[in-house]
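Scroll down for the structure; my scribbles are underneath it.
The values are calculated or read from the model by the stated rules, or taken from the named source; none is laboratory data. Everything numeric in this text was worked out from a predicted model, so none of it was measured. Note: ideal-geometry Cβ built from the backbone for every residue, glycine included; neighbour counts use all protein chains shown.
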Amino acid sequence: MPKLEDVNALKSMASIIRQDIIRMLVESKSGHPAGSLGLADIFTALYFNVMRHDPKKPHWEDRDRLVLSNGHVCPVLYASLANAGYFPKEQLMTLRKLGSPLQGHPHRGALPGIENSSGPLGQGISMAVGMALVGKREGKTWRVYTITGDGEHNEGQVWEALLLASKYKLHNLVVVVDRNSIQIDGTTEDVLPLEPFSDKYRAFGWNVIEVDGNDMNAILGAFRSLDSVTDMPTVIIADTVPGKGVSFMEGKYGWHGKAPNKEDGEKAIKELEAES
Ligand SMILES: Cc1ncc(C[n+]2csc(CCOP(=O)(O)OP(=O)(O)O)c2C)c(N)n1
């Protein structure tokens, strides 16, 4: 698909995606705003600049794959796919409604562009390792990008998958960690400390990139640096602000899984429009 090359165009798209997220959650009266909003810049960079994909051919064999492991942030995935042209934008407003393909956690096969079902935390990197192993063994040039939460790293399965990816030197695998430092019921460092986080990945044999996950130029730079990596998997530890763009949500774990009401939603949209 044609890429958005201009950084300002990418920033505008990220704002549109954030506004869509707010409207979807107000309509559904449930869902997860903090992580979804914080990840909007990374999803925009991936779907509108970095990834090789074609919304008209969602099963194209040579596409890059995006595996969403922290499935609860699917509003940002749905809004990105709709804006990229995988399905009509009107469908976004059916989020979490009975019978809708846009369930509260993604369902592979329900919508074009969804590569995996998720919701139970900890499984996505394992799925991505399997895909990347096939791609590497068959000499394919596509990459697998996996989005995970930092709190999700409380799951032991994550670390098993990291070991395997390192063993097979999966250079075609990129894990993006949403290092927003919150999880469902507190800060990550209060609930189960992860630091020194990047050292742990390095010790597991990974190429580590740390980036401001809300700075479009920095995000693009991180993804572009991947071409020189040929013999190890990469993690991009993305420092993001949960609730990014909405002042009363920013940095607050209370918005991990609480939908804005109509009034909150209107305030949020005003702020996002003013910034775009
Ligand atoms: C196996 C499993 N255990 C518990 C949950 C419930 N749960 C959903 S989101 C979440 C917190 C995850 O934290 P993080 O990955 O940091 O997400 P963020 O708060 O940044 O959105 C939990 C415990 C789940 N979905 N799966």
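What's the number of the only condition in (1) at positive phi; (2) of a type outside the set (A, V, I, L, M); (3) over 14 Å from the mean Cα position of the chain (by Cα) that G119 fails to meet? All conditions are met except number (3). Against the conditions (1) more than 16 Å from the ligand (Cβ to nearest atom); (2) touching a helix residue (DSSP H, G or I) at 6+ places or on another chain (Cβ under 9 Å); (3) not charged (D, E, K, R), V73 satisfies every one except (1).
Filtering the range 136-191 to residues that are of a type in the set (D, E, K, R) and within 21 Å of C74 (Cα to Cα) leaves R143, D150, E152, E155, D178, R179, D185. Residues in the range 159-185 that are near the ligand (Cβ under 10 Å from one of its atoms) and not polar (S, T, N, Q) were compared, and the one that is farthest from the chain's Cα centre (by Cα) is D185. Go through the range 40-80 and report how many residues are crowded, with 24+ Cβ neighbours inside 10 Å and within 23 Å of K136 (Cβ to Cβ). So the count comes out to 4.
Residue under question is L37, and the condition is that it be over 18 Å from Q91 (Cβ atoms), more than 16 Å from the ligand (Cβ to nearest atom) and not in a loop (DSSP other than H, G, I, E, B); does it hold? The answer is no for L37. Consider D150 carefully, then state whether it is among the acidic types (D, E), without any contact (Cβ under 8 Å) to a residue 60 or more places away in the chain and in contact with an Asp or Glu (Cβ under 9 Å, 6 or more places away or on another chain). When the stated conditions are applied, D150 passes them. Has the range 127-138 got any residue that is closer than 23 Å to S36 by Cβ and β-branched (V, I, T)? No, the range 127-138 has no match at all. All told, G151 meets the bar of being within 11 Å of the ligand (Cβ to nearest atom) and under 17 Å from the mean Cα position of the chain (by Cα).
Of the residues making up the range 95-139, those that are out of contact with any Phe, Trp or Tyr (no Cβ under 8 Å at 6 or more places or on another chain), more than 16 Å from the ligand (Cβ to nearest atom) and of a type in the set (D, E, K, R) are K97, R108, E115, R137, E138. For beta carbons closer than 6 Å, sequence separation of 6+ or different chains, a first residue in the range 102-127 that is among the basic types (K, R) and a second that is assigned to a loop (DSSP other than H, G, I, E, B) and surrounded by 19 or more Cβ atoms within 10 Å (Cβ to Cβ), the qualifying pairs are R108/I114; R108/N116. Checking the structure you have, find out if any residue of the range 20-40 is touching a helix residue (DSSP H, G or I) at 6+ places or on another chain (Cβ under 9 Å), within 15 Å of Y145 (Cβ to Cβ) and not basic (K, R). Yes, because at least one residue in the range 20-40 is touching a helix residue (DSSP H, G or I) at 6+ places or on another chain (Cβ under 9 Å), within 15 Å of Y145 (Cβ to Cβ) and not basic (K, R). A count restricted to the range 242-273 and to residues that are crowded, with 19+ Cβ neighbours inside 10 Å and either polar (S, T, N, Q) or part of a loop (DSSP other than H, G, I, E, B) (or both) stands at 9.
Among the residues of the range 15-33, write down those that are of a type in the set (G, A, S) and either at pLDDT below 95 or farther than 15 Å from H105 by Cα (or both). Of everything in the range 15-33, just one residue is of a type in the set (G, A, S) and either at pLDDT below 95 or farther than 15 Å from H105 by Cα (or both), namely S15. I'm trying to understand the selection: among the residues of the range 75-108, which are among the basic types (K, R) and assigned to a helix (DSSP H, G or I)? K89, the sole residue that qualifies.
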